[in-house]
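**Q** Sharing a structure with you now.
The values are calculated or read from the model by the stated rules, or taken from the named source; none is laboratory data. What you see is a predicted model, and the numbers here were worked out from it, not measured in a lab. Don't worry about glycine lacking a Cβ; one is built from the backbone with ideal geometry, like all the others, and counts go over all protein chains shown.
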Amino acid sequence: MKKFILAAAATVLVTVTINQASAQTTDTTKKETTTTTATTTAANGAADVVGALNSNSDYTTAAAAVKTAGLEGTLKAGGPYTIFAPNNSAFSKLPQGAQDSLMKDPAKLATVLKGHVVSGKYGKAEIIAALKASKDRKVPLTTLGGEALTLSISPAQTLVLTNATGATAEVTLYDLVGGNGIVNGINGVLATK
């Protein structure tokens, strides 16, 4: 009887040890899989800022405008760039016929779009750091078109862009990442007067 009890106890001990080892192996595998997935997801940005722009369906008009204006080649090479891209709704707010007129005039469209692009990478973290470092909470930038663009905080605590002519837009989306920069979405077209 003692031998039977000892044999049963040994069997239970071996079974428990095997189950614990199996559970530890399973947990380790799960942790490794989760870590790998998170790393892969974080590293899977678009190849460039044009690809980042094309990755969000709320920016199809801006993506089409970049192509029509002949800026794809410029924005796919070099950088880093930050595009403050008007969303589809922003383009629809333009005065009647203005969007069609712009799309039919690639040179004028390119001028307007260059007023939305700056050299450098300004994601949400970089913008917050720049605003905190600024005494007056305004960050001056220069667009690819050579115009002044200012980032500031509105009374409603939102990030606002203002161009040299006084046109403003609010940042509504941050950090669409591309290999050579970043796209932030805005709710207005910063057209020149």
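**Q** Restrict the check to the range 96-117 and report whether at least one residue is outside any helix (DSSP H, G or I), out of contact with any strand residue (DSSP E or B) (no Cβ under 6 Å at 6 or more places or on another chain), under 14 Å from ALA167 (Cβ atoms) and not acidic (Asp, Glu).
**A** No, the conditions are met nowhere in the range 96-117.
**Q** A further question follows. Could you name every one of the strands (runs of 3 or more DSSP E) located completely within the range 144-193 that has at least 2 residues being in contact with a Lys or Arg (Cβ under 7 Å, 6 or more places away or on another chain) and closer than 16 Å to ILE128 by Cβ? Give the derivation first.
**A** Numbers: elements: 148-153, 159-163, 168-178, 181-186.
The qualifying strands (runs of 3 or more DSSP E) are 148-153, 168-178.
**Q** Separate question: For residues that are under 18 Å from ASN163 (Cα atoms) and not aliphatic (A, V, I, L, M), scanning just the range 79-92, find the one that is modelled with the lowest pLDDT.
**A** Taking the range 79-92 and keeping what is under 18 Å from ASN163 (Cα atoms), we get 81-87, 90-91.
Of the ones still in play, those that are also not aliphatic (A, V, I, L, M) are 81-82, 84, 86-87, 91.
On the way: TYR81: 96, THR82: 97, PHE84: 97, PRO86: 97, ASN87: 97, PHE91: 93.
Across the range 79-92, the extreme among qualifying residues is PHE91.
**Q** Test LEU109 against the criterion of being of a type outside the set (Asp, Glu) and over 17 Å from ASN180 (Cα atoms), and give yes or no. Write out each step before concluding.
**A** Numbers: of a type outside the set (Asp, Glu): yes; over 17 Å from ASN180 (Cα atoms): yes.
Judged against the criteria, LEU109 is a match.
**Q** Here is a further query. I need every pair where a residue in the range 94-111 that is within 17 Å of GLY188 (Cα to Cα) has its Cβ under 8 Å from the Cβ of a residue that is aromatic (Phe, Trp, Tyr), sequence separation at least 6 or different chains.
**A** GLN99/PHE91
**Q** Could you check the range 112-156 and list, in sequence order, the residues that are polar (S, T, N, Q) and surrounded by fewer than 17 Cβ atoms within 10 Å (Cβ to Cβ)?
**A** Taking the range 112-156 and keeping what is polar (S, T, N, Q), we get 119, 134, 142-143, 150, 152, 154.
Within the range 112-156, SER119, SER134, THR142, THR150, SER154 meet the criteria.
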